[in-house]
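Asks: Structure incoming, see below.
Where a number appears in this text, it was derived from the coordinates with a stated rule and is not lab data. None of the values given here were measured: they were computed from a predicted structure.
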Amino acid sequence: MAEIRITREHGMGLEQARALALRWAEVAEQKLAMECTYEQGAGADLVSFQRPGASGQLSVEPGRFRLQARLGLLLGMFRSRIESEIVSNLDSLLAEAEPLQAFEAGLAEHEARRAAKKRK
């Protein structure tokens, strides 16, 4: 089983980081067929996620996100690509002044590109 571990520092407080993580969990459920549970804590939150072939947790802390994911045999063959996409997307979001707004904008852009491909 392949594993991905990513830790990223951020400048958000817990409330802002929580809002971003909650929105990610909603989108993961809708777009990636993930089953997500969100446990809110006093000092940190935990998002647990799973779908066939992948499972893991995202720790949401003031100042830090920690992702741990386990990939099954098929997805494990693409571990490097999956990890680099996660890192790239997360780093881009965290470089923004308003990461949640950047997430929403990126999501809308992705949907627009997808819709344009379907029209062709």
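Asks: Using the Cα atoms as the points, what is the convex hull volume per residue of the chain in Å³?
Replies: Details: hull volume 12.9 nm³, N = 120.
That works out to 107 Å³ per residue.
Asks: Given the C-alpha centroids of the range 1-26 and the range 44-106, what is the distance between them in whole angstrom?
Replies: Cα centroid to Cα centroid, the span is 7 Å.
Asks: Give the cross-link partners of Lys31 among the aspartates and glutamates, using a straight C-alpha distance below 12 Å as the criterion and excluding same-chain residues fewer than 8 apart.
Replies: Glu111
Asks: Using only the alpha carbons of the range 44-110, what is the convex hull's orientation-averaged projected area in square nanometres?
Replies: Values: hull surface 20.7 nm².
Over every viewing direction, the Cα hull of the range 44-110 projects on average to 5.2 nm².
Asks: Hey, another quick one. List the aspartates and glutamates whose Cα lies under 17 Å from the Cα of Lys117, skipping any in the same chain that are fewer than 8 positions away.
Replies: Glu109
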